[in-house]
Amino acid sequence: MKRFAIALLLLAACSNEPAPPTTTAAETPKTPPAPTSQQARDLIAASPAFGDHEFTNASVSMPVSGAAMSEPLRETAQQLAATGWVAIDGHGDVMLTEKSRNDKRFILRPNGLLDVVPLAKKEMGQVSAVRPEPDGTVTVDFSWRWIPNEVGTSLTSGLTHDRFAETNEAVATLMWDGSNWTVLKIDKR
C-alpha cells in the first residue's frame, strides 16, 4: 500500500507540468515581404556565400614539370611567362621569377605543383527575378562576372581566360532568420 501511495504521489507530481504557451494569430511572427531587387543584390554581394561560390575558378594549378603539363596548362604557363610572372627553362619546366617569388598569390607546393590564386575577384551583376517560395524562402536569380587582377589579365586565351570573359548566372536562396534576410545558399544556374 505504501508503494502504491508513493507511485500515485510521483505520478501526480509529474503531471503538474504547465501547458505550453499558446500564441494567437496576431502574436505569430510573420515573414516580411520579399526584399526588393536592390536589397537582394546588396545582401548577396555582401554575403560569405557569394565569396565562396565557385571560388576555385579564380585560380590555376599546374605542374612545374613541363613533361607532366597538358597542352592547355602549357599555354597558360607561356602566357604567364610572356608577362614575366614565371620563366620556362629549356626543358619546358616552369620556374618562379623574382616578380612571382615575392608574390603571395604564387604558391609552389612540395609536390611539384604551382598554384596561382587568386587570378580574379567576383563582381555582382543584376538581379533578374525575386520570387517568394511557399516554404517562406525567397529565390533570387542574378548575374555576376569575374574581374581579372593583374595576373589574371596575363591570360589572353584559353579556358581560364574564357571563364573570366563570360557572364555567369546563379540562383540564391534567401531565408528570413526572424530579424533579417540571410543568404542560405547560392547555386549555379
Checklist entry - If you go through the stretch 106-122, how many residues are in contact (Cβ under 8 Å) with a residue 12 or more places away in the chain and either part of a loop (DSSP other than H, G, I, E, B) or of a type in the set (Gly, Ala, Ser) (or both)? => result 5
Item to check | Candidates Val116, Val130, Val151, filtered to the one that is of a type in the set (A, V, I, L, M) and under 30 Å from Pro32 (Cβ atoms) | outcome: Val130
Next on the checklist: Pull out all pairs, ordered by first then second residue, where Cβ-Cβ is under 6 Å, the residues are six or more apart or on different chains, the first lies in the stretch 176-188 and is at pLDDT 95 or above, and the second is in a loop (DSSP other than H, G, I, E, B).
Outcome noted: Trp176/Thr31; Trp181/Pro35; Val183/Ser47; Ile186/His53
Checklist entry - Within the bounds of the stretch 106-120, is there any residue that is open to solvent by 80 Å² or more (accessible area, probe 1.4 Å), in contact with an Asp or Glu (Cβ under 6 Å, 6 or more places away or on another chain) and either among the aliphatic types (A, V, I, L, M) or modelled with pLDDT of 95 or more (or both)? => result no
Item to check | Qualifying residue in the stretch 53-76 (condition: modelled with pLDDT of 95 or more, surrounded by 16 or more Cβ atoms within 10 Å (Cβ to Cβ), of a type in the set (S, T, N, Q) and more than 30 Å from Asp187 (Cα to Cα)) | outcome: no
Next on the checklist: For the stretch 83-102: of the residues being among the charged types (D, E, K, R) and free of Cβ contacts under 8 Å to residues at least 24 places away in the same chain, which is least open to solvent (accessible area, probe 1.4 Å)?
Outcome noted: Asp89
Item to check | Answer from Asp141, Asp103, Asp135, Asp162 - the residue that is out of contact with any Cys (no Cβ under 9 Å at 6 or more places or on another chain), of a type in the set (D, E, K, R) and part of a strand (DSSP E or B) | outcome: Asp141
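The values are calculated or read from the model by the stated rules, or taken from the named source; none is laboratory data. Please read these numbers as outputs of a predicted model, since none were measured by experiment. Don't worry about glycine lacking a Cβ; one is built from the backbone with ideal geometry, like all the others, and counts go over all protein chains shown. The accessibility values were calculated without ligands, DNA or RNA, using every heavy atom of the protein model including side chains. Shrake-Rupley method; radii C 1.70, N 1.55, O 1.52, S 1.80 Å.
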